[in-house]
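Structure record follows, encoded as structure tokens.
The values are calculated or read from the model by the stated rules, or taken from the named source; none is laboratory data. Remember, it's a predicted structure, so these values are computed and weren't measured experimentally. Positions of Cβ are backbone-derived with ideal geometry, glycine not excepted, and every protein chain shown enters the neighbour counts. The area values use the complete protein model at the heavy-atom level, side chains included, leaving out ligands, DNA and RNA. Shrake-Rupley method; radii C 1.70, N 1.55, O 1.52, S 1.80 Å.
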Amino acid sequence: MSETRSWRPRLRLPLRPRLPWPPPLRGGTPRARTVRFVAVSALAGCVVAAGAVGAAGPWEGGQRRAERARAAAVPEADRERDGGPVRPAAPPVLAGLGGVGGPGGRPTAPLPARDGLAGALEGLLKDGALGPQTSAAVVDVATGQQLYGADQDTPYTPASTIKTATAAAALSALGPDHRIETVVVADGDTVVLVGGGDPTLTARPAKEGAPPAASLKELADATARALKARGKGGRMKVAYDASRYSGPALHPIGPNENIAPVSALMVDEGRLDDSDHGPADRTADPAGDAARKFAGMLRDAGVDVDGDPAAGRAGDKAERLASVSSPPLSALVERTLTNSDNDIAEALARQTALASGQPADFEGAARAVTARLEKLGLPLSGARIADGSGLDRADRVSAAFLAGLLARSADPARPELRAVLTGLPVAGFSGTLSGRYGADAGGRGLVRAKTGTLTGVNTLSGTVVDADGRLLSFAFMTAGAASGEGAQGVLDRLATTVAGCGCR
């Protein structure tokens, strides 16, 4: 089942802790805190300048361009416009990191009480819409302390929330600035297109608002110039090399509109339409299709191409002609998490395998990702990583693992993991949460979470700043629900409850 939605405006999510927004709420009755939370939710939900955000485009350099531009920025932010007040954007992703601002940077916002959280959550966790199997964990991000748990250590099928683990492993192995390169070499009278594993390499013309990507046409044009400069004006054969990845290309779920065959060489994620996320018909031969498009672009650039491309490998004496590089890994991670992109997730897993000296297949990637997660000190008892995307029902992790992973991603000592947080969809606004949390939902604009959806499996793992200004991570998992939509509604209410809970 697909989780993707149409593209929506991105919110500004700064990468560094700031003074909490909403500010810590001191004292007052539970009712007063509730009223204040509702007011904050209403403000956070009314994000302005949506058109400007959209025009700014999505990802660049590990941070959305729209985030850099500040979604609600205007020259005079306090001035009323069109008869109504300019509303603030949703809170920064690391706002309320323990209520930063105390002496020596110590937390100032109070921790929610365990009993208070239990009282707020346990009724919802018993809702019949969730199905017979449920688990939950809530963690204080500043300290890593678990504040609430219900069957939190039992591994369940995570569906696409496993992508947060894939992302963290890749960032840990390669760093946020790593780029995946696609190279062209000349071997005698043959031009060889060598895939590096970038599924976002594009054969399409640049389009405003589309995610940035390496261009196959730019690569072909640069190749033509390099051939001319080297005096190679005769007929050239074209070959393609996708050997960087090994093992079966088909995901265990088989041919599917949610994922292409996994290949080290593909363009536009193997999509046969003009989409850049969500379900789509996919090619059965990503590498061959990419090479044929490349050969056509070479002809357009004036190269006399001899016949059709064929699979092959360059010799040891092949001469490098040209290359293009993907956006930085942090940007690929953000795109993966925001849109629950299965193709990029599997590529991240294989890139982790390559960086770890493992075979770049499903099994090698699973071993590499697991090893990186172990090095991060995460609770992996009973866990199993079977793929990078979460489409495989053999994946098993616990709610404690998912919540702990997000808390670890905010650790100031691990800034390389920050894109795991900035890539989380924003409730009611972006990615797979754009169609959830309606205009009147309390968590709209406050909940940031990765969704997980398979038939009979629904999960949600993310972060919120609670009513006292404390940043918390959470994970809610359920299996066996009669209605996926009903289960999602309860999961969304659970996250909203954490956001609204001072829980003294």
*Quick one: with all protein chains in place, what share of the accessible area of region 277-351 is carbon or sulfur, to the nearest percent (1.4 Å probe)?*
41
*Find how much the distance from ARG384 to SER483 grows on full extension, using 0.36 nm per residue of separation minus their present alpha carbon separation; answer in nm with one decimal.*
33.0 nm
*Scan around VAL191 for amide H atoms under 5 Å from its own, H built in the peptide plane at 1.01 Å from N, and keep only partners 5 or more places away or cross-chain.*
LYS237, VAL238, ALA239
*asked:* For a Förster distance of 35 Å, can you work out the FRET efficiency between the beta-carbons of ILE253 and SER325, rounded to the nearest 0.05?
replied: 0.70
_Distance between modelled label sites at ASP189 and SER275, nm, 7 Å Cα→Cβ extension_ = 4.4
*Might you report the magnitude of the Cβ-based charge dipole of region 218-336 about its Cα centre, with Lys and Arg at +1 and Asp and Glu at -1, to the nearest 20 debye?*
720
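Please give me, ordered by residue number, the trypsin sites (Lys or Arg not before Pro) of region 269-346 that lie in loop per DSSP and have at most 10 other Cβ atoms within 10 Å.
Details: sites: ARG271, ARG282, ARG292, LYS293, ARG299, ARG313, LYS317, ARG320, ARG335; in loops: ARG313, LYS317.
The qualifying sites are LYS317.
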*Solvent-accessible heavy-atom area per residue, rounded to whole Å², over region 397-473 at 1.4 Å*: 18
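Which of the peptides 496-502, 252-258 is most tightly packed, and how do the rest follow, judged by the mean count of other Cβ atoms within 10 Å per residue?
Top of the packing list down: 496-502, 252-258.
To the nearest 0.05, how large is the calculated FRET efficiency for ASP300 and GLU208 if R₀ is 25 Å and r is the Cβ-Cβ distance?
0.60
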*Got a sec to turn the phi values of region 298-303 into Karplus ³J(HN,Hα) couplings, 6.51 cos²θ - 1.76 cosθ + 1.60 with θ = phi - 60°, whole Hz, x for Gly and Pro?*
4, 4, 4, 8, x, 8
*Net charge over other residues, Cβ less than 13 angstrom from the Cβ of THR157 (K, R count +1; D, E count -1)*: 0
*Length added when fully stretched, ARG235-GLU122, from 0.36 nm per residue minus Cα-Cα*: 33.5 nm
*Residues with amide H under 5 Å from that of ASP361, placed H, sequence gap 5 or more*: SER246
*Rounded accessible area per residue of region 178-279, 1.4 Å, Å²*: 43
*asked:* Quick one: 3J(HN,Hα) in Hz for region 229-240, Karplus 6.51/-1.76/1.60 with θ = phi - 60°, rounded, Gly and Pro as x.
replied: 5, 8, x, 8, x, x, 5, 10, 7, 10, 10, 9
*Specify which residue in the list VAL305, THR352, SER275 is farthest towards the positive end of the charge dipole of region 266-395, using unit charges on the beta carbon of Lys, Arg (+1) and Asp, Glu (-1), about the Cα centre.*
THR352
*Karplus-derived 3J(HN,Hα), 6.51/-1.76/1.60, for each residue of region 197-208, Hz, glycine and proline x*: x, 8, x, 8, 3, 10, 9, 8, x, 4, 10, 4
*Hey, any idea what % of region 368-504's accessible area is carbon plus sulfur with a 1.4 Å probe?*
47
